[in-house]
Amino acid sequence: MLKDQFNRKISYLRVSVTDRCDLRCLYCMEENMVFLPKKEVLSLEELYKLCSTFIDLGVKKIRLTGGEPLVRKNVISLITNLGKHIKPGELDELTITTNGMHLKKYSDQLFKSGIKRINVSLDTLNHLKYNKITRWGNLDKVISGIMAAKSEGLKIKINTVALRNFNDYEFDNLIEWCGKHNFDITFIETMPMGEVQQDRNKSFLPLNMLRASLEKSWTFNDIKYETSGPARYLYCNEAGINVGFISPLSHNFCSTCNRVRLTCTGKLYMCLGQDDFVDLGEIVRTSNNYEKVNDLIYQAMLTKPKEHDFIINKKYLKPSVKRHMSVTGG
Ligand code: SAM
Ligand code: SF4
């Protein structure tokens with residue numbers, strides 16, 4: 001079992017299989033993004049070997065993310081190979097976070113590979129707003145993808161970034177819609193990662209305010225629902241679903257962090273909100289020496305910081321970290 005210097009067990013790996021995406025969400029990317037150099041991107045076989053190394057070292061949960069994981073060519077081969085590790089003593093869960101644009105095409109293959117739960121990002125149910133926030137998205141395509149995934153038997157959680165003056169009048173509507181379809185929903189605070197054209201200081205909405213506003217319309221019960229992720233969950237009695245809150249800025253959750261993040265070029269980040277990384281990709285590309293990779297992973301754990309330094313306020317207009325969320329995955 002991997003442990004860090006603060007005795008936190010590291011059992012969860014998030015892998016950004018590509019930093020590229022077919023959308024350009026305003027809070028996530030600039031319209032003209034500069035992506036990681038293609039020549040440094042690891043092959044799917046190399047990513048698989050790295051993931052297997054983590055499984056050998058005790059990682060129990062892997063989430064594939066990005067960028068948009070489903071735009072990476074042949075990504076299903078990686079998912080199928082990783083799915084074979086879902087068994088006692090190896091992987092407890094393989095899952096994916098997606099923008100939903102390609103779910104209709106891939107839902108059956110995701111389910112067959114052993115994935116049981118997926119997260120789909122959806123910030124609004126309003127077509128005009130959806131076009132605005134994603135720049136290039138197609139809400140109808142996403143909804144039909146979500147419904148295809150539901151009929152396939154995949155359990156769905158909707159991820160919604162809470163944005164002031166954008167979707168703050170829609171939260172009740174989103175909960176109602178999720179309740180109708182039996183999807184859980186998690187609200188997320190916008191995080192200061194990478195330069196974007198949106199002013200995060202203006203769009204940031206602390207989730208304690210969101211929760212207070214939800215409590216005017218809904219009743220919630222505290223529950224012990226754990227997904228090994230950062231969200232804290234409440235059960236919404238009227239909608240009959242779990243409502244999660246990921247609030248890295250207004251309520252720091254770092255003391256229970258169990259995650260590390262691998263980029264598609266093989267950089268291992270110990271924290272979403274810090275710049276330090278260990279380059280496993282360099283060894284994979286040059287020597288294929290997985291014993292050295294093993295040693296480096298152990299050393300990397302000792303450098304996992306205590307917490308992130310995310311700040312959003314009028315005095316700090318610069319992102320806390322230069323890289324966008326898509327490099328290390330959400
Ligand atoms: N493309 C996929 C998607 O959108 O679900 C997976 C990658 S995306 C980076 C993962 C999650 O991060 C999404 O739920 C997205 O809304 C969220 N996200 C992206 N940039 C963010 C930011 N700056 N702050 C908070 N959440 C962000
Ligand atoms: Fe793409 Fe996901 Fe970022 Fe939107 S949030 S631009 S879908 S990576």
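Quick notes
- Charge tally in the Cβ shell below 12 Å around residue 229, where Lys, Arg are +1 and Asp, Glu are -1, residue 229 excluded: +4
- Of the solvent-accessible surface of the chain, computed with a 1.4 Å probe over protein heavy atoms with every protein chain present, carbon and sulfur atoms account for 50 percent.
- Using the 1.4 Å probe convention, the accessible area of the chain works out to 45 Å² per residue with neighbouring protein chains retained.
- Of 49/104; 116/267; 73/306; 39/304; 104/132, those spanning more than 30 Å from alpha-carbon to alpha-carbon: 73/306
- Electrostatic bookkeeping for residue 2 treats Lys and Arg as +1 and Asp and Glu as -1; over the other residues with beta carbon under 10 Å from its beta carbon, the sum is +3.
- Only helices enter this figure: runs of n ≥ 4 DSSP H residues, each worth -39500 (n - 2.57), summed and divided by the residues of the chain, yield -8500 deg cm²/dmol at 222 nm to the nearest 500.
- Of the residues 27, 243, 95, the one whose Cα sits farthest towards the positive end of the charge dipole of the chain is 95 (charges of +1 on Lys and Arg Cβ, -1 on Asp and Glu Cβ, taken about the Cα centre).
- Estimated at the nearest 10 Å², the accessible area of residue 121 is 40 Å² with a 1.4 Å probe.
- Sorted largest first, extent of region 1-141 alpha carbons per principal axis (Å): 47, 32, 32
- Taking amide H positions as modeled 1.01 Å from N, with prolines and chain starts lacking one, the residues under 5 Å from residue 321 and 5 or more places away or on another chain are 194.
- Ordering 145-151, 86-92 by mean Cβ neighbour count within 10 Å, with the highest value first, yields 145-151, 86-92.
- Rounded tilt (10° steps) of 171-181 against the dominant C-alpha axis of the chain: 70 degrees
- Taking the C-alpha atoms only, the angle from helix 139-152 to the longest principal axis of the chain is near 70 degrees.
- Total formal charge among the other residues, if their Cβ is under 14 angstrom from that of residue 210, Lys/Arg +1 and Asp/Glu -1: -2
- Here, P(r) means the percent of Cα pairs in each 10 Å bin from 0 to the largest distance; for the chain it is 6, 27, 37, 25, 6, 0.
- Counting only DSSP beta bridges with both residues in the chain, the antiparallel share comes to about 35 percent.
The values are calculated or read from the model by the stated rules, or taken from the named source; none is laboratory data. No experiment lies behind these values; they were computed from the predicted model shown. Don't worry about glycine lacking a Cβ; one is built from the backbone with ideal geometry, like all the others, and counts go over all protein chains shown. Side chains included, ligands, DNA and RNA excluded: accessible areas come from the protein's heavy atoms. Shrake-Rupley method; radii C 1.70, N 1.55, O 1.52, S 1.80 Å.
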